[in-house]
Amino acid sequence: MLILASQSQTRKALLQNAGIAFEARAARVNERELEATHPVEQASPGSVAMMLAKAKALSLEGDAVVGADQILALDDTILHKASDLAEARDRLDALRSRTHELHTAVALAKDGRIVWEHLEVARLTMRAFTDAERDAILAEEGDAVLGSVGSYRLEGPSIR
């Protein structure tokens, strides 16, 4: 059976909606620690996302383990999940009317070695929104936005 090295509700829903049987387990990876050991000359958002996806896939034992990660980049800055709603508000303000990149990596490990990997980059432009619109979305979404690197969820009310 396929093992998803993640507890992400979004990743679980993707596999469920595709009709794929899987078991979800938490990956045994300290993402910030791994990022700190990634060579600076290779620290592009895509390479970091792929390194983390591979590490997650290899962190669990199983016949087939899929690991995934997303890195959001605004200009040359890699952004991480906001720690609270005040930081989420600041993140949304930084993204307002700007284009950012979402680097999504997935890796499949079979019997302890990577057998497939893929990286995709989506360029997203956030529309101009008012402070009142931002505050209304944050109030409606609540802590759910803290699970997203951009502090918005395309699968939720944030899509507005």
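The values are calculated or read from the model by the stated rules, or taken from the named source; none is laboratory data. Here the structure is a predicted model, which means the values were calculated and not measured. Positions of Cβ are backbone-derived with ideal geometry, glycine not excepted, and every protein chain shown enters the neighbour counts. Side chains are part of the model used for accessible areas, which takes the heavy atoms of the whole protein and leaves out ligands, DNA and RNA. Shrake-Rupley method; radii C 1.70, N 1.55, O 1.52, S 1.80 Å.
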I need the full set of residues from region 40-63 which are farther than 15 Å from residue 113 by Cα and either crowded, with 16+ Cβ neighbours inside 10 Å or modelled with pLDDT of 90 or more (or both), in order please. 45, 46, 47, 48, 49
Checking the structure you have, find out if any residue of region 64-75 is part of a loop (DSSP other than H, G, I, E, B) and modelled with pLDDT of 95 or more. no
Within region 122-136, the count of residues that are closer than 12 Å to residue 95 by Cβ, of a type in the set (Lys, Arg) and not in a helix (DSSP H, G or I) comes to 1
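Matching residues to (1) touching a residue at least 40 places away in the same chain (Cβ under 8 Å); (2) part of a helix (DSSP H, G or I); (3) within 30 Å of residue 60 (Cα to Cα):
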position	(1), (2), (3)
81	yes, no, yes
114	yes, no, yes
120	no, no, yes
144	no, yes, yes
151	yes, no, yes
Regarding residue 60, is this residue without any contact (Cβ under 8 Å) to a residue 12 or more places away in the chain, in a loop (DSSP other than H, G, I, E, B) and either aliphatic (A, V, I, L, M) or touching a Lys or Arg at 6+ places or on another chain (Cβ under 6 Å) (or both)? no
Take residue 94 and decide whether it is touching a strand residue (DSSP E or B) at 6+ places or on another chain (Cβ under 9 Å) and either buried (at least 21 other Cβ atoms within 10 Å of the Cβ) or closer than 18 Å to residue 22 by Cβ (or both). no
Filter region 64-75 down to residues that are under 24 Å from residue 90 (Cα atoms) and open to solvent by less than 20 Å² (accessible area, probe 1.4 Å), then give me how many there are. 5
Could you look through region 5-26, keep only residues that are among the aliphatic types (A, V, I, L, M) and under 22 Å from residue 145 (Cα atoms), and pick out the one that is least open to solvent (accessible area, probe 1.4 Å)? 5
Condition (residue is among the hydroxyl-bearing types (Ser, Thr, Tyr), touching a strand residue (DSSP E or B) at 6+ places or on another chain (Cβ under 8 Å) and closer than 29 Å to residue 136 by Cβ) applied to region 100-117: is it met by at least one residue? yes
